[in-house]
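*Asks:* Quick one: the structure is below, questions incoming.
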Amino acid sequence: MNFPLYFSRKIAASKDNKNNLSRIIVFIGRLSVALGIIVSLITVSTGLGSKKAIKSSLGDFSGEITVKSTQSNSSYNSSALNLKDIKVNQILALPDVDGVEKFITTNGILRTDSSFAGIIFKGVDSGFDSLRFKKFLISGTTPKIKEKGYSNDIVISQKIANDLHKKLNDSIVAIFSKEDQKPIYRKFRVCGIYKTDIKMIDDLYIIGDIKHARKILNFGNHDVGGLEIFLSNVDRTDRVYPNIESLIGYKNYAQKITEQFPQIVDWVNIFDTNIALIIAIMLIVVVINIIMVLLILIIERTNSIGMLKTLGANNHQIRAIFINYTLMIMVPGLLAGNIIGISLLLLQRFFGIIKLNPENYYVSEVPVDLNPVYIVGISAGILLVSAIALILPSYLISKISPVKAIKYN
């Protein structure tokens with residue numbers, strides 16, 4: 001029989017604990033543990049949820065990896081991709097690849113009678129995955145692009161629609177410039193309005209038929225400006241990237257989504273620092289309170305310590321008893337913290353109670369990622385760190401003399 005553990009359970013179950021002077025200290029200890037769990041759960045779940053939501057939006061709009069020609073420059077006008085060197089079928093056969101789409105981009109201007117907006121026209125073909133894009137649509141549909149003939153339908157962002165006072169089925173004129181040539185005019189119909197909450201996308205991009213982009217840039221009938229490679233999991237980008245690089249030839253290059261929007265990714269990475277800082281502060285608060293609980297228990301039960309030493313218990317066993325007892329005191333706080341924290345996160349996840357300004361945060365409401373590994377890890381981590389932190393203050397027990405302890409009142 002494990003004597004320290006058995007005795008710890010007897011003390012924890014003793015009715016005497018309900019009326020002793022330490023109950024206020026015990027309550028404070030449990031409260032600090034519960035608050036620490038709640039704050040840590042919310043910090044980790046919303047922080048990781050925000051990172052995942054932003055990267056997912058970027059990936060679903062532009063693909064986790066993009067392949068372009070080495071002839072491309074910093075302008076938004078695509079250069080023709082060398083398709084001969086790209087082994088598309090082998091890319092599609094990679095386990096983590098979910099799809100490959102062709103595109104061409106060119107810059108232009110949308111003009112109305114009273115206003116205008118600089119835009120990037122993203123031309124897509126019949127392989128465009130409208131189901132993947134559906135998460136961004138707030139009204140209308142995506143363009144129905146066929147192999148033959150031109151589609152004059154486009155999808156514009158809600159930001160552009162509001163700026164130009166356009167709605168579904170409205171007509172709008174786009175102007176595209178060409179070197180040493182007259183501007184090209186195209187009249188489009190707004191078939192859909194989207195919103196990604198990512199300012200750099202919503203301010204610029206409209207989506208339409210790739211054949212318009214080919215005509216504007218003098219591309220051949222089968223030329224494309226790039227390939228967007230969509231993965232089943234954005235977190236696997238770094239693992240898949242080298243495999244894709246080896247399948248695209250030396251005249252093309254691959255670019256990860258994190259390289260296309262570095263300023264957004266840098267901002268997202270700040271979450272890691274904030275999460276670590278907040279959890280560290282919560283851990284310090286919990287540990288200080290639990291050490292305080294242990295010291296109060298030792299002082300209050302000095303007589304019991306003296307009796308145990310008189311009966312033959314050594315310092316190691318008595319320290320183990322009080323450490324076990326203190327950790328048992330933490331358990332109700334852990335349970336309460338998890339129940340409250342997870343409940344609050346579930347409310348946010350299903351009802352989106354807390355809203356955010358997408359211009360600053362790239363999401364319109366606080367996203368939540370309820371990962372069981374992190375939930376269990378936070379509770380286990382707090383228990384483990386507290387157990388280690390209690391070892392040093394528990395050495396106070398070895399300083400207590402049995403004779404003086406029994407006389408202590």
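*Asks:* Could you pull out the residue among Phe133, Phe121 that is touching a residue at least 24 places away in the same chain (Cβ under 8 Å), within 37 Å of the chain's Cα centre (by Cα), within 27 Å of Lys55 (Cα to Cα) and surrounded by fewer than 22 Cβ atoms within 10 Å (Cβ to Cβ)? Steps first, answer last, please.
*Replies:* On the way: Phe121 fails: surrounded by fewer than 22 Cβ atoms within 10 Å (Cβ to Cβ).
Going through Phe133, Phe121 in turn, the sole match is Phe133.
Residue by residue, here is whether (1) surrounded by 15 or more Cβ atoms within 10 Å (Cβ to Cβ); (2) not aliphatic (A, V, I, L, M) holds:
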{"position": "Val88", "(1), (2)": "yes, no"}
{"position": "Ala93", "(1), (2)": "no, no"}
{"position": "Phe103", "(1), (2)": "yes, yes"}
{"position": "Thr112", "(1), (2)": "yes, yes"}
{"position": "Ser115", "(1), (2)": "no, yes"}
{"position": "Asp125", "(1), (2)": "yes, yes"}
{"position": "Ala161", "(1), (2)": "yes, no"}
{"position": "Phe176", "(1), (2)": "yes, yes"}
{"position": "Lys182", "(1), (2)": "no, yes"}
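*Asks:* While we're on this one: Mind telling me which of the residues Val234, Val265 ends up being more than 30 Å from Arg319 (Cα to Cα), of a type outside the set (Asp, Glu), surrounded by fewer than 18 Cβ atoms within 10 Å (Cβ to Cβ) and in contact with a helix residue (DSSP H, G or I) (Cβ under 8 Å, 6 or more places away or on another chain)? Spell out how you get there, then give the answer.
*Replies:* Details: Val234 fails: surrounded by fewer than 18 Cβ atoms within 10 Å (Cβ to Cβ).
Residue meeting the stated conditions: Val265.
*Asks:* Let me ask you something else. For region 150-181, how many residues are in a strand (DSSP E or B), in contact (Cβ under 8 Å) with a residue 60 or more places away in the chain and touching a helix residue (DSSP H, G or I) at 6+ places or on another chain (Cβ under 8 Å)? Break it down into steps so the answer makes sense when it comes.
*Replies:* So in region 150-181, the residues in a strand (DSSP E or B) come out as 153-157, 171-178, 181.
Within this subset, residues satisfying the condition of being in contact (Cβ under 8 Å) with a residue 60 or more places away in the chain are 172-177.
Narrowing the set further to residues that are touching a helix residue (DSSP H, G or I) at 6+ places or on another chain (Cβ under 8 Å) leaves 172, 176.
Number satisfying all stated conditions: 2.
*Asks:* Of the conditions (1) buried (at least 19 other Cβ atoms within 10 Å of the Cβ); (2) under 29 Å from the mean Cα position of the chain (by Cα); (3) farther than 19 Å from Ile248 by Cβ, Tyr76 satisfies every one except a single condition; which number is it?
*Replies:* So Tyr76 meets the others, but not (1).
*Asks:* Of the conditions (1) modelled with pLDDT under 95; (2) in contact with a helix residue (DSSP H, G or I) (Cβ under 9 Å, 6 or more places away or on another chain), Ile342 clears all except one; give me its number.
*Replies:* Only one criterion is unmet by Ile342, namely (1).
*Asks:* Check every one of the helices (runs of 4 or more DSSP H) wholly within region 281-400 and list those with 3 or more residues that are under 22 Å from Ile25 (Cα atoms) and in contact (Cβ under 8 Å) with a residue 60 or more places away in the chain. Even if it seems obvious, please write down each step before you answer.
*Replies:* On the way: elements: 302-310, 315-351, 358-361, 372-389.
Ranges flagged: 302-310, 315-351, 372-389.
*Asks:* Considering region 182-197 alone, what residues qualify as being under 15 Å from Val155 (Cβ atoms) and touching a residue at least 40 places away in the same chain (Cβ under 8 Å)?
*Replies:* Val190, Cys191, Gly192, Ile193, Tyr194, Lys195, Thr196
*Asks:* Across region 117-149, what is the number of residues that are small (Gly, Ala, Ser) and not in a loop (DSSP other than H, G, I, E, B)?
*Replies:* Let us first name the residues in region 117-149 that are small (Gly, Ala, Ser), namely 117-118, 123, 126-127, 130, 139-140, 149.
Still in the running and not in a loop (DSSP other than H, G, I, E, B): 117-118, 123, 130, 139-140.
Residues that pass the stated criteria total 6.
*Asks:* Quick one: would you say Tyr374 is out of contact with any Lys or Arg (no Cβ under 8 Å at 6 or more places or on another chain), modelled with pLDDT under 90, under 30 Å from Phe61 (Cα atoms) and among the hydroxyl-bearing types (Ser, Thr, Tyr)?
*Replies:* The answer is no for Tyr374.
Residues checked against (1) under 27 Å from Ile138 (Cβ atoms); (2) crowded, with 16+ Cβ neighbours inside 10 Å; (3) β-branched (Val, Ile, Thr); (4) touching a strand residue (DSSP E or B) at 6+ places or on another chain (Cβ under 6 Å):
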position	(1), (2), (3), (4)
Lys195	yes, yes, no, yes
Asp203	yes, yes, no, no
Arg239	no, no, no, no
Gly249	no, yes, no, no
Gln255	no, yes, no, yes
Ile275	no, yes, yes, no
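*Asks:* Working carefully through the options Thr70, Thr66, find the one that is hydroxyl-bearing (Ser, Thr, Tyr), touching a residue at least 60 places away in the same chain (Cβ under 8 Å) and surrounded by fewer than 17 Cβ atoms within 10 Å (Cβ to Cβ). Even if it seems obvious, please write down each step before you answer.
*Replies:* On the way: Thr66 fails: surrounded by fewer than 17 Cβ atoms within 10 Å (Cβ to Cβ).
Result: Thr70 is the single residue among Thr70, Thr66 that is hydroxyl-bearing (Ser, Thr, Tyr), touching a residue at least 60 places away in the same chain (Cβ under 8 Å) and surrounded by fewer than 17 Cβ atoms within 10 Å (Cβ to Cβ).
*Asks:* Can you tell me which of Lys144, Lys122, Lys166, Lys102 is charged (D, E, K, R) and in contact with a Leu (Cβ under 7 Å, 6 or more places away or on another chain)?
*Replies:* Lys102
The values are calculated or read from the model by the stated rules, or taken from the named source; none is laboratory data. Here the structure is a predicted model, which means the values were calculated and not measured. Cβ sites come from the backbone with ideal geometry, for glycine too, and all protein chains shown count toward neighbours.
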